[in-house]
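Q: My structure is below; once you've seen it, I'll send some questions.
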Amino acid sequence: TIHRWKLEYPDFREALSLGKEAADAKVAESLFKRATGYSFDSEKVFFVDGEAHRVEIIEHVPPDTKAAMWWLQNRNPQEWRDVRHIKHDVEKGGTLEGWLNNLNGSVVMPVDDTAAPSATAGLIADEE
């Protein structure tokens, strides 16, 4: 098996490791290009009066917002994490049951709120 070969043959293990590094670098480069946008040389074929005319053009792929967010969230999660915090307290006279019914599927995360302790003080993180 491959696992046994990696144990028995250090050169084989090293070759696998280098292959993984090269593949990871290629994917990182491609993701970066996708996140920031890029241009490439291309060719279009036009037919005029039955004749094919090839024209060299430069095509542009605009930045991909999802790729950019994925890149940022994974490179710097503290700065770019996709969590929104909204402080919620039960209104005076409200009930815990009423407050919970208004969450609409949101996730409740406890907070340390020593300035104004409340049985229902917390943060809501919207799920997407």
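Q: Could you tell me whether the range 34-49 includes any residue that is surrounded by 10 or more Cβ atoms within 10 Å (Cβ to Cβ), at pLDDT 95 or above and aromatic (F, W, Y)?
A: yes
Q: Taking A125 as meeting all but one of (1) on the phi > 0 side of the Ramachandran plot; (2) surrounded by 10 or more Cβ atoms within 10 Å (Cβ to Cβ); (3) of a type outside the set (S, T, Y); (4) at pLDDT below 75, write down the number of the exception.
A: Against the list (1) on the phi > 0 side of the Ramachandran plot; (2) surrounded by 10 or more Cβ atoms within 10 Å (Cβ to Cβ); (3) of a type outside the set (S, T, Y); (4) at pLDDT below 75, A125 comes up short only on (1).
Q: I'd like the full set of residues that are under 30 Å from D24 (Cα atoms) and either touching a Gly at 6+ places or on another chain (Cβ under 8 Å) or surrounded by 10 or more Cβ atoms within 10 Å (Cβ to Cβ) (or both), limited to the range 50-65.
A: Result: E59, H60, V61, P62, P63, D64.
Every residue, every condition in (1) in contact (Cβ under 8 Å) with a residue 40 or more places away in the chain; (2) among the charged types (D, E, K, R); (3) touching a helix residue (DSSP H, G or I) at 6+ places or on another chain (Cβ under 9 Å), yes or no:
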| residue | (1), (2), (3) |
| --- | --- |
| T1 | no, no, no |
| W5 | no, no, yes |
| R13 | no, yes, yes |
| G19 | no, no, no |
| A22 | no, no, no |
| A25 | no, no, no |
| F32 | no, no, yes |
| A35 | no, no, yes |
| S39 | no, no, no |
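The values are calculated or read from the model by the stated rules, or taken from the named source; none is laboratory data. Small disclaimer: the values here were computed from a predicted structure and weren't measured. So basically every Cβ, Gly included, is an ideal-geometry build from the backbone, and we count neighbours across all protein chains shown.
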